[in-house]
Amino acid sequence: MSDEPALTVVTVTYSSGTHLDRFLSSLTVATDLPLQVIMADNGSVDGAPEEAVERYPGTRLLRTGSNLGYGSAVNRAVATVPADQEFVLVANPDVVWGPGSIDALLEAAGRWPQAGTLGPLIRDPDGSIYPSARHLPSLVRGGMHAVVGFVWKSNPWTKSYRQETVEPSERPVGWLSGSCLLVRRKAFDAIGGFDERYFMYMEDVDLGDRLTRAGWLNVYVPGSEILHDKGHSTGRNPPRNLRAHHDSTYIYLSDRHAGWWQAPLRGTMKAALRIRANAAVRKSRRELERGTS
């Protein structure tokens, strides 16, 4: 990694452990371009970011001062990137980069000048494809996915929303997973970056929607592949994370139905999401208890 980077990679760390080492070491196969890596650290206590700075030249630690949440930490880091860098790559520290994955995203950006974000094909640790390129959640499709998805996995609303039956192809989509996004700086800055009301979850959906409204595209690039161990972050405190997901879902949906005449609808959504969150938390706690018994 060079002192004069062609591209900056931003990641948010929060005691990421060995995941961070795999993230940084796999960058060497993702591109030959000189990179700068900024770790926006939300209060790690495992020493991993400090060790990374020592081991990997071109890696910089930006302490946010507290656990700000994902989008807020990314915004802080992106603000420090030189304005003449056209793109910033935002990725979770539990990503492992595939060969040429960054180069493929940059090449696609040349084919799609109106792309505000571009995202790769994401594989789960078992090798299966994670549905990371989705429709924006409409009230019916997104709402039904949110309310019944955890108890009825094969429901038609979830399948439609996640585009599970669509073959991977390079195309514009509603939104892309925030676990790995090549962001066009001009587009990101124009809409004010991530909405910092979202502590975790849904900030990528919101970003995709606001970019679309501003005339930009979100482009899925399956010619680029990464692996994402998403259980790293979601598995730490499932009850807390489940509640955060539902809180964020309500922020997103209520923003899109903000009229005074829609107050009853917002109330219904809030009540339905609270019921679902409570049920999901109870289920998660039962599973945790079984796992420790």
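Rule-based calculations on the coordinates, nothing more; no lab input. Predicted, not measured: the structure shown is a model, and the values here were computed from it. Backbone-built Cβ (ideal geometry, glycine too); neighbour counts: all protein chains shown.
The ranking of ILE275, ILE191 from fewest to most other beta carbons within 10 Å of each one's beta carbon is ILE275, ILE191. Shown is the FRET efficiency for ALA263 and ALA214, computed with R0 = 41 Å from the Cβ-Cβ distance and rounded to the nearest 0.05: 0.90.
How would you rank HIS19, HIS257, going from fewest to most other Cβ atoms within 10 Å of each one's own Cβ? The partial results should precede the final answer.
On the way: HIS19 20, HIS257 13.
In increasing order of surrounding Cβ atoms, one gets HIS257, HIS19.
Contact order normalised by length for the range 14-70, with contacts defined as Cα pairs under 8 Å and 6 or more residues apart; what percent is it?
Once divided by the residue count of the range 14-70, the mean separation gives 42 percent.
Computed over neighbours whose Cβ is under 15 Å from that of GLU107, the net charge equals -3, Lys and Arg +1, Asp and Glu -1. Calculated FRET efficiency, GLU4 to ARG111, Cβ-Cβ distance, R0 = 30 Å: about 0.70 to the nearest 0.05. Given R0 = 51 Å, the distance between the Cβ atoms of VAL166 and ARG63 translates into a calculated FRET efficiency of 0.80. The slack between LYS186 and SER128, meaning 0.36 nm per residue of separation minus the straight C-alpha distance, is 17.5 nm.
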